[in-house]
Amino acid sequence: MDKNDRCSLCGRPRKDVGILFQGVNGNVCDDCIRRGYEILKEEELFKKEKPAKGIKLKKPKEIKAFLDDYVIGQDFAKKVLSVAVYNHYKRISQEKNDVDIEKSNIIMVGETGTGKTLLAKTIAKMLNVPFAIVDATVLTEAGYVGEDIESLLTRLLQAADYDVASAEQGIVFIDEIDKIARKGDNPSITRDVSGEGVQQGLLKLLEGSIVNVPPQGGRKHPEQKMIAVDTKNILFICGGAFEGLDKIIARRMNTQVVGYGTQKNIEKIDSKNMLQYVIPEDIRKFGLIPEIVGRLPVLAYLNPLDREALRQILTEPKNSIVNQYIKLFKIDGIDIKFEEEALDYIVDQAISFKLGARGLRSICESIMLEAMFEMPSENKKTFTVTKEYAESKLDKTAAIKFRNA
């Protein structure tokens, strides 16, 4: 058989293929072209998902401007994060000299639903470095049920596609850091394997040391080879709600305004937002050991969300809740609109239930459930959410559910 009558790649004859494309020095069948296209697609996807090694360092104002597109309010926390991230990567890129710039790990304090995790995720979206979010509540001392402290770095390695050099310049966000606080201000006399014990284990990671990390988790695969990771250039951002911290701050501030002019000083204190007066000493009294507090030198607070902020969160960010519903219904060819009164009603309910920004989505889901169930099967192409519709869907049962949440 003539070589011009078969595929030059797989060798199959013309009669066994669909289409045989003829070239100057050979032929390619349609099946080989299809497989080549799939390989190219996978390779392109791999390149997009794999973090690039070069760090794209933005100025603090540019970082804050990016955060403003996705997070409403919290200007102070945004400035703190922007400066800390900028300084961290300047520190990495500095030439070695007689001045050694220390690492500035961050701790964020704020009520639930104020945007701590969202700020961290948005920073991750912008930066060209590996990023991992871990939950402190699952951590225990080595040998106990739970995850080892080293699992923080395992997640970072996975985000860096096991490129150690890239992971050593990454960022780790430790959520719920307040849940590993020790039970009292005095050192524990009993074994506190998920509190003070975890804090002691975190010290070497936060300060900077070479840690042997199990690439697939330490307890399920004890025979695996360890990967040495240097944490001196890894930025750690910690966040927590610190429930009850406002009472510690209030006690401290009341003791500081004793004497002449006491009443005048007390009137200046905003009792509805005590977290804005937080200092490292308050964090220590809450239950974080002094060594941890000292290794988290940058302290940022997040303001509680007022009515205006919640209203903006519903509509203004690029990934706002309303925009998400518009996109979801658009896929089914349905144009959806929200009346202003309906949006105001949703905000009012979130405030009355004390759910914060996270509660806005829960309330919207209850209101939109019937529409999302019925409308994809109907021929309607437009839909308007009115206040009356929202009130009718958020019935007494839903209200009781949210109020008891």
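The values are calculated or read from the model by the stated rules, or taken from the named source; none is laboratory data. Computed from a prediction, not measured in an experiment: that's the story for all the values here. All Cβ positions, even for glycine, are placed from backbone atoms using ideal geometry, and neighbour counts span all protein chains on display. With ligands, DNA and RNA removed, areas are computed over all heavy atoms of the protein, side chains included. Shrake-Rupley method; radii C 1.70, N 1.55, O 1.52, S 1.80 Å.
In whole Å, what are the Cα extents of the range 282-405 along the three principal axes, biggest one first?
Projected onto its principal axes, the Cα set of the range 282-405 covers 63, 31, 24 Å.
State in Å² the accessible area per residue of the range 280-400; use a 1.4 Å probe, count heavy atoms of protein chains only, and round to the nearest integer.
Roughly 53 Å² per residue, with all protein chains present.
Report the full-extension gain for the segment residue 59 to residue 38: residue separation times 0.36 nm, less the Cα-Cα distance, to one decimal in nm.
3.6 nm
Using alpha carbons only, how many angstrom separate the centre of the range 99-169 from the centre of the range 299-341?
28 Å
Quick check: residue separation of residue 247 and residue 370 times 0.36 nm, minus the Cα distance between them. What number comes out in nm?
So the extension gain works out to 40.0 nm.
Along the three principal axes, how long is the range 311-368 when you take its alpha carbons, biggest first, rounded to the nearest angstrom?
For the range 311-368, the Cα spread along each principal axis is 35, 20, 18 Å.
For residue 162 and residue 384, FRET efficiency with R0 = 35 Å and r from the beta-carbon atoms, rounded to 0.05?
After rounding, the FRET efficiency stands at 0.10.
Return the subset of 121/232; 272/354; 116/268; 204/225; 79/116; 79/103 for which the Cα-Cα distance in this structure is over 25 Å, preserving the input order.
116/268
Report the Stokes-Einstein translational diffusion coefficient (µm² s⁻¹, integer) for the range 273-317, Rh taken as the Kirkwood radius over Cα pairs, at 37 °C with viscosity 0.692 mPa s.
Taking Rh from Cα pairs, D becomes 259 µm²/s.
Sequence-distant or interchain residues sharing an amide H contact under 5 Å with residue 147, placed H: which?
When sequence neighbours closer than 5 places are left aside, the close amide H contacts are 139, 140.
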